[in-house]
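The values are calculated or read from the model by the stated rules, or taken from the named source; none is laboratory data. Keep in mind that this is a model prediction, so the values were computed, not measured. Quick reminder, even Gly has a Cβ in these numbers, built from the backbone with ideal geometry, and neighbours come from all protein chains shown. Note: areas computed on protein heavy atoms with side chains; ligands, DNA, RNA excluded. Shrake-Rupley method; radii C 1.70, N 1.55, O 1.52, S 1.80 Å.
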Amino acid sequence: MDWDSILSYNTAKIVTIRDKRLGGLHIIFMVLIIVYIVIYSAIYKKGYLLTETPVGSIRASLLAPNEFKDDSNFTYCDDNTIEYNFKKLECDYYDEAFVSFPVGDDVSFAATTRVKILDQVLNCSSKNPKCKYTTVSTRNVYVSDIEDFTILIDHTMFAPSSLIQYNSKQLKGYILDNDNNEIQINETINTIGIPGKPDVLTIGKLLQLANIDLDGPSSVNSTNSIRYDGVVALVFITYSNTFSYNTNNFKYVYSIKKVEDTEYGVPEAVILDNVSSRMYYNRHGIRLIFIQNGEIGSFNFQALLLTFVSGLGLLAISTVVVDQLAIRFLPERKTYSSHKFQITHGFSESRNKLRISQNETSEKDPLLLVETTKNNENNNSNNIDNSDNDDDDDENYIDNDGYQNIQNNNIIL
């Protein structure tokens, strides 16, 4: 059993192949990879930044207009003579305390557009499981001039890893219009993204930017209007400081998306004098759900190092590709393969002869062992020099004829 063959060891061999095709291709690969790592990954994609998604809080409040418009101006009111494509109802004026319901939610906001009001009494004991409220009277009304109510949005963002924190008044902000363009608004009532000013929008302006028409058909029942059934919209607040190479520049962007196939309704029961008398409000309206997201970046050496290390793997791949071209596809592949791969002869017999020679010498004279060892080392050195000369001769032979004269060697092709 040849243990030298079984337990053979593969080691790397450096061979310089003087072929301009392979050398040029390898240089091109190297240049492209370096450009990708430095220019694209590290600079353009800002691979030196550690990015994180911020968290935060939101406060939204509603305010009624100082002066309401006359309900005769609204086609959805029953005292208006102009044709309306959907059901007309009575119109009542309410303040922000009534219109904004429910209150106290820090991730959403609701404004009532229609309310069904039921006056109910309990003519039996509440201890009786079969006792039910009886409706005395019912009114179904629209909230007049809801489009002129204003909503104030105050929000704060915080990046936990970099400990960066800002309030919306400290930052530049934008809102996406119907063409997905980032715009700032600085009007008498409506203001968005102006540092030092709160973000304020009328309900009408907000719906316009979201491409929502309260007097359009409801997505759950086309015979009703959105004003009648209600609507749900997502308000994304996206924070960023990676849009430029100056990470001290921060901004936020509002984008409003309507949730299809939804309506919004919420009930409210108000007890009057006692539990036997109550007002029941079935509200429908606009619900806004706020979602804070984005990408906040800060310089991090480990992130930069990871960018470079991940790119270095491409350099090794380029070398493997060029190697495979050399030994498998080019016409000179057999010559290149013979230079790249080589199997040495087994060294077991050489070691045994050396061991026997040393033992015999040590038995005769210990001083001769030292001299014999030195002679063996000199012989090995001479053999190596002769081998180098042979390799030079072989190389010259290859340069002249383009082929290798292989003698007394085992070659893997």
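Things worth noting here:
- Residues that are without any contact (Cβ under 8 Å) to a residue 60 or more places away in the chain and either open to solvent by 100 Å² or more (accessible area, probe 1.4 Å) or under 18 Å from residue 325 (Cα atoms) (or both), drawn from region 19-38: 20, 23, 24, 27, 28, 32
- Checked against (1) in a loop (DSSP other than H, G, I, E, B); (2) free of Cβ contacts under 8 Å to residues at least 60 places away in the same chain; (3) not acidic (Asp, Glu), residue 85 passes all but a single condition, namely (2).
- Criterion: open to solvent by 40 Å² or more (accessible area, probe 1.4 Å) and within 23 Å of the chain's Cα centre (by Cα) - qualifying residue of 325, 314, 306: 306
- Scope region 78-122; condition touching a helix residue (DSSP H, G or I) at 6+ places or on another chain (Cβ under 9 Å), hydrophobic (A, V, I, L, M, F, W, C) and over 16 Å from residue 152 (Cβ atoms); matching residues: 86, 89, 91, 115
- Selection count, region 15-73, where residues are part of a strand (DSSP E or B) and under 30 Å from residue 241 (Cβ atoms): 11
Quick grid of which residues meet (1) within 15 Å of residue 284 (Cβ to Cβ); (2) assigned to a strand (DSSP E or B); (3) of a type in the set (Val, Ile, Thr):
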{"position": "98", "(1), (2), (3)": "yes, no, no"}
{"position": "102", "(1), (2), (3)": "yes, no, no"}
{"position": "111", "(1), (2), (3)": "yes, yes, no"}
{"position": "115", "(1), (2), (3)": "yes, yes, yes"}
{"position": "119", "(1), (2), (3)": "no, yes, no"}
{"position": "132", "(1), (2), (3)": "no, no, no"}
{"position": "142", "(1), (2), (3)": "yes, yes, no"}
{"position": "147", "(1), (2), (3)": "no, no, no"}
{"position": "154", "(1), (2), (3)": "no, yes, no"}
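- Residue count for region 77-117 satisfying the condition of being touching a Phe, Trp or Tyr at 6+ places or on another chain (Cβ under 6 Å) and either of a type in the set (Asp, Glu) or open to solvent by 80 Å² or more (accessible area, probe 1.4 Å) (or both): 1.
- Residues considered: 299, 243. Of these, the only one that is without any contact (Cβ under 8 Å) to a residue 40 or more places away in the chain and under 19 Å from the mean Cα position of the chain (by Cα) is 243.
- Residue in region 156-179 that is among the aromatic types (Phe, Trp, Tyr), touching a residue at least 24 places away in the same chain (Cβ under 8 Å) and open to solvent by 60 Å² or more (accessible area, probe 1.4 Å) present: yes
- Every pair of residues 6+ apart whose Cβ atoms lie under 7 Å, when the first sits in region 126-139 and is touching a residue at least 60 places away in the same chain (Cβ under 8 Å) while the second is exposed (fewer than 12 other Cβ atoms within 10 Å of the Cβ): 126/275
- Residue count for region 225-237 satisfying the condition of being open to solvent by 30 Å² or more (accessible area, probe 1.4 Å) and either within 18 Å of residue 54 (Cβ to Cβ) or at pLDDT below 95 (or both): 2.
- Looking across region 167-209, the residues that are outside any loop (DSSP other than H, G, I, E, B), polar (S, T, N, Q) and in contact with a Ser or Thr (Cβ under 8 Å, 6 or more places away or on another chain) come down to 167, 168, 202.
- Filter pass, residue 203 being touching a Leu at 6+ places or on another chain (Cβ under 6 Å), crowded, with 20+ Cβ neighbours inside 10 Å and either at pLDDT 95 or above or not hydrophobic (A, V, I, L, M, F, W, C) (or both): no
- Residues of region 267-286 classified as within 29 Å of residue 125 (Cβ to Cβ) and open to solvent by less than 70 Å² (accessible area, probe 1.4 Å), total: 10
- Among the residues listed as 222, 240, the single one being among the polar types (S, T, N, Q) and open to solvent by less than 50 Å² (accessible area, probe 1.4 Å): 240
- Checked against (1) surrounded by 13 or more Cβ atoms within 10 Å (Cβ to Cβ); (2) at pLDDT below 90, residue 48 passes all but condition (2).
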